[in-house]
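Bear in mind that the values in this text are calculations on the coordinates, not laboratory data. Quantities reported herein were computed from a predicted structural model and do not represent experimental measurements. Every residue, glycine among them, receives a Cβ derived from its backbone with ideal geometry; neighbour counts consider all protein chains shown.
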Amino acid sequence: MLEIETAALASNHLKHLGFDKVFDRLGGHGLVGVLKNGHGPTVMLRADMDALPVEELTKLPYASSKRMVDRYDRETPLMHACGHDVHVSCLMGAAELLHSARSTWSGTLICLFQPGEEDGAGARKMVEDGLFNKIPKPDVLLGQHVARPYSACDCFDVRLFGRGGHGSAPHRCIDPVLAACSTVVRLQGIVSREVDPAEYAVVTCVYLRTATAINIIPDVVDMKIDVRTYNSDVRKKVVQAVKRVIHGESDAFGLPKEPEIVQTDDIPPIINDSEVVKTLQGAFGSHFVGLVSEMVRDTGSDDFSIFAEAQSIPSAYWNIGGVDPAIWDDAERSGTIGDLPGNHSAYFAPVVEPTIRTGIDAMALAALAFLKIRT
């Protein structure tokens, strides 16, 4: 919700290049630019551009010093700890490269800069704000990320209601803290006892908030629960089980009111179209010789697929590396690759080059693989 300056930078860039249309403030600070260049396919490239409430500890000369006030009225630092600054830079660079080479291709190029990926709402808000009423329907949707592919993500804000009172007299209260603790433990049984061991699922309680004084039993406890899955059937089963456990524990502890459960994230898994992948493998393989490999599944999530699902658009999503090659080689030799700072770490710092050049080349090559090449 705070991507004002980043959105303005990207918007001005597309306008300066001469894109035919640039639509701003879609679903918040989202924007999309359309460059028509004769008859041919319509290709959409997407980048996300929001930051995270993390204090950057990289000590880089361009380290973030921005701050924000969050939804709980707390002031927090901001950092592009998931590489979204790289994504924006790469799409801006690819837009400029493709614009300068427009005599070699024909078709329509769409560049989309998305806000709010980290809270899982940005893509859906852009769609609901009429994105696909403003642009021609893409024949293919393409995106990339520094370092990870993605599972489905379902997140819930939960409030348990008790009856508060003095900490020395729990028998006169109905303690929602104990109910919350039991709920957290019981949630772990979903994956271990209800999901086929051959399938993947993670259920995590990432947040508990209640009274701040040692001698108070609170009236309410707030929880945040994060669910990750790959398989759609497993996803449905686990989400239903999470709700069942929350209601069941609330009943078991005799809480005086039904729990509130609000789904804050509803993100489908990213499933690449096989034909799009074949085309990309050919384009990437001939340029990034010996550097292309199949991505290993990761447990993070991205709302990229919401755009594809909204209009049944064939899509594909790939990773680019972000670690300095020399540092990577040293870590590989010493067996410490797992210790390198990753996404959402305060020390996450993709090396500027060759990361930016790789990302620009990848996006431009991907677009050209589907646009009509002039001979």
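Before moving on, here are some points about what is shown:
- Three semi-axes of the equivalent ellipsoid, segment 73-178, Cα gyration tensor, whole Å, largest first: 47, 17, 12
- Relative to the dominant Cα principal axis of the chain, helix 176-194 is inclined by about 60°.
- Under the convention that each Lys and Arg Cβ holds +1 and each Asp and Glu Cβ holds -1, the size of the dipole of the chain around its Cα centre is about 640 debye.
- Here's the list of aspartates and glutamates a cross-link from K66 could span, going by alpha-carbon distance under 12 Å and ignoring same-chain residues fewer than 8 apart: E3, E5, E55, E56, E75.
- FRET efficiency estimate (nearest 0.05) - Cβ-Cβ, L2 to T104, R0 30 angstrom: 0.20
- Dividing the mean sequence gap of close Cα pairs (under 8 Å, 6+ apart) by how many residues segment 293-375 holds gives a relative contact order of 26 percent.
- When each of K137/K278; K15/K125; K278/K372; K21/K137 is checked by Cα-Cα distance, pairs over 19 Å: K137/K278; K15/K125
- Trypsin sites (Lys or Arg not before Pro) within segment 6-94: DSSP coil, no more than 14 neighbouring Cβ in 10 Å: K59, K66, R71, R74
- Top positive-direction residue, dipole computed over segment 228-375 with Cβ charges, set V242, A364, I320: A364
- Loop sites in segment 284-367: trypsin sites (Lys or Arg not before Pro), DSSP, at most 16 other Cβ within 10 Å: R297
- Computed from the C-beta positions of V352 and R67 and an R0 of 25 Å, the FRET efficiency is 0.55 to the nearest 0.05.
- Angle between the chain longest axis and helix 4-17 axis [Cα atoms, degrees, rounded to 10]: 10 degrees
- Taking GluC sites (Glu not before Pro) across segment 219-306, the ones in a DSSP loop with at most 13 further Cβ atoms lying within 10 angstrom of their Cβ are E294.
- Helix-only arithmetic for the chain: the sum of -39500 (n - 2.57) across DSSP H runs with n ≥ 4, divided by the residue total, places the mean residue ellipticity at 222 nm at -11000 deg cm²/dmol.
- For segment 2-45, alpha-carbon Rg relative to the globular expectation (2.2 N^0.38 Å, N residues): 1.23
- Under the Karplus curve 6.51 cos²θ - 1.76 cosθ + 1.60, θ = phi - 60°, whole-Hz ³J(HN,Hα) for segment 155-168, x wherever Gly or Pro sits: 10, 9, 8, 10, 10, 9, 10, x, 9, x, x, 7, x, 7
- All lysines inside 17 Å of K257 as judged from Cα atoms, apart from same-chain residues fewer than 8 positions distant: K243
- Segment W328-E275, length gained on full extension (0.36 nm per residue, minus Cα span): 15.9 nm
- Entry note: segment 220-361 has Rg to Rh equal to 1.08, where both radii use alpha-carbon atoms and Rh is the Kirkwood radius.
- Two-decimal Rg to Rh for the chain - Kirkwood Rh, Cα set: 1.02
- Cα-only Debye scattering, segment 144-269: base-10 log of I(q)/I(0) at q = 0.13, 0.17, 0.22 Å⁻¹: -0.56, -0.84, -1.20
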